[in-house]
Amino acid sequence: GSCKCCCYQEMTLSSGGQPIGSIKEQFYCCVPRFKIKDSEEKPIYKVHQPTCCGGFCVNCCTEGNPCGRGCCKVAFHVFPADQEETDGDVPPIAKIVKVPKSLGTELFTDADAFDVTFPDGANSTQKALLAGTSVFLNALYFEETDGGGD
């Protein structure tokens with residue numbers, strides 16, 4: 001990974017024409033980090049991939065052996081926005097995991113699949129923000145562009 005200190009990507013989510021919140025990249029070194037805010041700009045969640053080495057490396061083994069059952073899984077952990085420590089073995093309150101597709105799906109579609117687990121007690125708006133975050137992460141990291149400039 002690299003570092004990012006400017007030009008942050010951001011997405012605002014709405015329902016029925018009314019804003020419900022946003023997700024925005026934050027400053028990071030090596031492990032991309034995001035903050036989810038509600039419609040009043042109050043931070044509610046922090047999101048980043050699981051880490052090791054003091055938060056400086058992505059831990060690709062958290063969802064299982066990357067060469068076995070966990071192959072091709074890419075996890076993003078969700079934490080309360082006010083939680084100070086979120087790196088290492090700190091348990092997340094929720095997860096967004098890009099999961100592998102079946103061979104048939106892989107051959108005939110370029111769709112990605114995500115498994116989103118929600119925090120206990122999350123309301124429908126918070127769940128919508130986390131589901132929307134999976135769309136944001138997909139667009140940011142897993143979609144290929146054709147370079148057409150449409």
Selection from region 16-30 of residues in contact with an Asp or Glu (Cβ under 8 Å, 6 or more places away or on another chain) and at pLDDT below 95 yields Glu25
Log entry, pairs with first residue in region 94-122 being farther than 22 Å from Cys60 by Cβ and touching a residue at least 60 places away in the same chain (Cβ under 8 Å), second being open to solvent by less than 50 Å² (accessible area, probe 1.4 Å) and in a loop (DSSP other than H, G, I, E, B), beta carbons closer than 7 Å, six or more apart or on different chains, reads none
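Within the bounds of region 13-26, is there any residue that is among the β-branched types (Val, Ile, Thr), farther than 17 Å from Val116 by Cα and over 14 Å from the mean Cα position of the chain (by Cα)? Outline the logic, then answer.
First, the residues of region 13-26 that are among the β-branched types (Val, Ile, Thr): 20, 23.
With farther than 17 Å from Val116 by Cα added as a condition, the list becomes 20.
Then keep just the ones that are over 14 Å from the mean Cα position of the chain (by Cα); that gives 20.
For region 13-26, residues among the β-branched types (Val, Ile, Thr), farther than 17 Å from Val116 by Cα and over 14 Å from the mean Cα position of the chain (by Cα): present.
Only one residue in Pro32, Pro43 is closer than 28 Å to Thr12 by Cα and either free of Cβ contacts under 8 Å to residues at least 24 places away in the same chain or open to solvent by 30 Å² or more (accessible area, probe 1.4 Å) (or both), so which one is that?
When all the criteria are applied, what remains is Pro43.
Do you know which residues across region 78-94 are open to solvent by 60 Å² or more (accessible area, probe 1.4 Å) and closer than 11 Å to Val47 by Cα? Can you show your working first?
Keep residues of region 78-94 that are open to solvent by 60 Å² or more (accessible area, probe 1.4 Å), which gives 82, 84-85, 89, 91, 93.
Within region 78-94, Ile93 is the sole residue that qualifies.
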Condition met for Cys61 (at positive phi and surrounded by fewer than 16 Cβ atoms within 10 Å (Cβ to Cβ)) = no
His48 fails exactly one of the following numbered conditions: (1) without any contact (Cβ under 8 Å) to a residue 40 or more places away in the chain; (2) open to solvent by 40 Å² or more (accessible area, probe 1.4 Å); (3) within 15 Å of Phe136 (Cβ to Cβ); (4) under 13 Å from the mean Cα position of the chain (by Cα). What is the number of that condition?
-> (2)
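The values are calculated or read from the model by the stated rules, or taken from the named source; none is laboratory data. Predicted, not measured: the structure shown is a model, and the values here were computed from it. Virtual Cβ from ideal backbone geometry, glycine too; neighbours counted across all protein chains shown. These accessible areas exclude ligands, DNA and RNA; they are computed on the full protein's heavy atoms, side chains included. Shrake-Rupley method; radii C 1.70, N 1.55, O 1.52, S 1.80 Å.
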